[in-house]
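> Sending over a structure as structure tokens; questions will come in a sec.
Every number in this text was worked out from the coordinates using simple rules, so none of it is lab data. Being a predicted model, the structure only gives us computed values, none of them experimental. Cβ: placed from backbone, ideal geometry, glycine included. Neighbour counts: every protein chain shown.
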Amino acid sequence: MPKNNIPFEKGLPLLGNLIPYSKDRLSWLSKLSDKHGEVFKVKVGPKEIHVAVGKDYVRHIMVKNSQNYIKKTNFEMIFGKSLFITNGAEWKRQRQLLTPLMNLRYLESCLPMMDEIITKNLHQFEDSLDNGKNLRNLFSKITFDIIMSCVIGLDYEDDYEHIDKGLAVLTSFVTREKYAVFNLPGKLDKEKKDFDFYMQKLDDVIYNSIKKTNKDKLSFSFMNQLLEFRDKNPEEKISDTFIRDNIVTVMFAGYETSALSLSFMMDLLLENPHWLNRCTEEMRAFNLEINFESLQQLPITEACLFEAMRLYPAGWGFTREAENDDEMHGISVKQGDIFLVSPFLTQRSSLYWDNPETFDPNRFLGKKITEELRQIYFPFGLGPRMCSGMNFALMEMKLILLRLLKNYQILRTGDRPLVDARATLMSKNGFQMMMAKNQN
Ligand code: HEM
């Protein structure tokens, strides 16, 4: 008979472990993962959370019995009822409808625009006052412009600062709400006011683009594909709200994650100059025509990127809630139990990795990501809800790395990043690095 005697870190009455969780959740969870191993339970504020680190537990939740472990997140406040949020039949319908639109033809058609955006931004950043302060700003600007052009199909140069700040305010509010023990009444709550303000702004941008996009020059954009699909398939009854929800989702899911992954990779390359040199040599020797296929032929850079995403997965953790009672490798699960699955914890667990804290791209060099490896390495998630933008992200990141390392040097200008696990894995003190044009 399964028992529920898994280790439980209860913490203080009422607060649970809210203090260590809010202070530095990753160090705290990592210590508990070392102490308790594959699965344990923590109390954070009013919530009890099961933390699944072991591969059998992760696989059970995300793959084998994934239909019983559903997403329940307050990101619905931003994303509405999009692919990222919904469950069951509605999620399946959206996944079947949207994933084919991110096909190879679409990806290839994005490449010239991506390349133009990357080259323009690198050139501008080279002389900007920002260069040297936070390299993440460069990557964010590039990936944001790419999402705006390739997904929404519009040139958003002027609105960048506004929307970038808006996205940060929205995300921070949602993550605060999640573990808040006491909430202030709406009127006193400045953050709620900011949230409403930026939400309205974002909605205006999207709904205006839905009206404009068909006439816009960037006809390959994801939004245009969706609008064309709607015209050809009226029986699908695709509403403006459906389009708004999924476009906002892709904006959030698709730009900061890639920018942060690249930022952490640059930090690791600077710490490991041998690998930086190898990547740079590989990029400088690259002379193929740029397309999806040729970007697969960068084994050293790809191994470094994969290893960086092992140590610093931008989506560091995601939660699931049990819809029904279940049994899982010796523990009994009750309806409503909450599980945290964390690539950060599993990908650094000494249960599966030798010297897990060491940056060693040889782990991935010349190797395929097999089903077996995917059980312990899942920066893009796993199972049916795996990231639908993975190929987009990998293609975009490799192209950015190609243009950057071929033409520029990277230098450190300050301290290494201090990891900060919010909705995504960020750095408290930014990424203090700069780029300088190659002399030769
Ligand atoms: C390095 C970049 C990226 C990382 C690390 C990443 C990571 C992830 C992860 C871990 C999940 C699964 C979350 C869960 O199971 O709860 C996910 C889902 C998703 N991602 Fe990404 N992502 C990245 C880029 C992108 C891009 C560029 C797009 C779109 C263009 C995108 C769109 C999505 C969507 C729509 C989902 C939800 C899929 C579903 O629930 O069926 N992501 N991503």
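> Which is farthest toward the positive dipole end of segment 8-437 among PHE431, MET102, LEU351, measuring Cα position about the Cα centre, with Cβ charges +1 (Lys, Arg) and -1 (Asp, Glu)?
LEU351
> Sum -39500 (n - 2.57) across every DSSP H segment of at least 4 residues in the chain, then divide by the residue count to get the 222 nm mean residue ellipticity, nearest 500.
Counting only the DSSP helices, I get -15500 deg cm²/dmol.
> Compute the relative contact order of the chain as a whole-number percentage, counting only Cα pairs closer than 8 Å that sit 6 or more residues apart in sequence.
Averaging sequence separation for qualifying contacts and normalising by length gives 24 percent for the chain.
> In the chain, which cysteines lack any other cysteine Cβ under 4.7 Å from their own?
So far as the 4.7 Å Cβ criterion goes, CYS279, CYS304, CYS387 stand without a partner in the chain.
> Turning to a different aspect of this structure: If you average the sequence gap of Cα pairs under 8 Å that are 6 or more apart and divide by the length of segment 24-158, what percent do you get for the contact order?
10 percent
> Run the quick spin-label model on PHE318 and ILE6: label points 7 Å from Cα toward the beta carbon, then report their separation in nm to one decimal.
If labels sit at PHE318 and ILE6, their model points lie 1.8 nm apart.
> Continuing with this model, one more query. Can you pull the Kirkwood radius for segment 8-437, inverse mean 1/r over Cα pairs, to one decimal in Å?
Taking the inverse mean of 1/r over all distinct Cα pairs, segment 8-437 comes out at 22.7 Å.
> Mind checking which lysines have their Cα closer than 19 Å to the Cα of LYS165? Skip sequence neighbours fewer than 8 apart in that chain.
LYS133, LYS141, LYS190, LYS192, LYS193, LYS201, LYS428
> Let me ask something additional. Roughly how big is the chain's charge dipole about its Cα centre, with Cβ charges of +1 (Lys, Arg) and -1 (Asp, Glu), in debye to the nearest 20?
Using only the charged Cβ atoms, the result is roughly 860 debye.
> Right, something else. Averaged over every viewing direction, what's the projected area of the C-alpha convex hull for segment 85-138? Give it in nm², one decimal, please.
The Cα convex hull of segment 85-138, projected and averaged over all directions, gives 5.7 nm².
> Can you find, among THR171, ILE238, HIS123, the residue sitting farthest towards the positive end of the charge dipole of the chain, where Lys and Arg contribute +1 and Asp and Glu -1 at Cβ?
Looking along the dipole axis, the top candidate is THR171.
> Only counting other Cβ atoms within 10 Å, I'd like ASP267, ASP196, ASP326 sorted with the fewest neighbours first.
ASP196, ASP326, ASP267
> Also, quick follow-up: Mind checking the dipole of segment 94-139: about its Cα centre, +1 per Lys or Arg Cβ, -1 per Asp or Glu Cβ, Debye to the nearest 20?
Charge dipole, segment 94-139, about its Cα centre: 320 debye, nearest 20.
> If you average the alpha carbon positions of segment 284-307 and of segment 57-108, how far apart do those two centres end up, in angstrom?
29 Å
> Mind sorting THR143, THR171 by how few other Cβ atoms lie within 10 Å of their own Cβ, fewest first?
With the fewest neighbours first, THR143, THR171 line up as THR171, THR143.
> May I pose another question? What percentages, rounded to whole numbers, describe P(r) for segment 57-121 computed over all alpha carbon pairs with 5 Å bin width beginning at zero?
For segment 57-121, the binned pair fractions read 4, 14, 14, 15, 15, 14, 12, 8, 3, 0 percent.
> Something else about it: For segment 19-159, what are Rg and Dmax over the alpha carbons, in angstrom?
Rg, Dmax (Cα atoms, Å): 20.8, 52.
> Oh, and also: Convert 4 °C to kelvin, take the viscosity as 1.567 mPa s, use the Kirkwood radius over C-alpha pairs of segment 284-440 as Rh, and evaluate the Stokes-Einstein diffusion coefficient in µm²/s, rounded to a whole number.
My calculation gives 71 µm²/s for D.
> Now a separate question. Provide LEU402, LEU270 in ascending order of the number of other Cβ atoms located within 10 Å of each residue's Cβ, fewest first.
By the 10 Å Cβ count, ascending, the order reads LEU270, LEU402.
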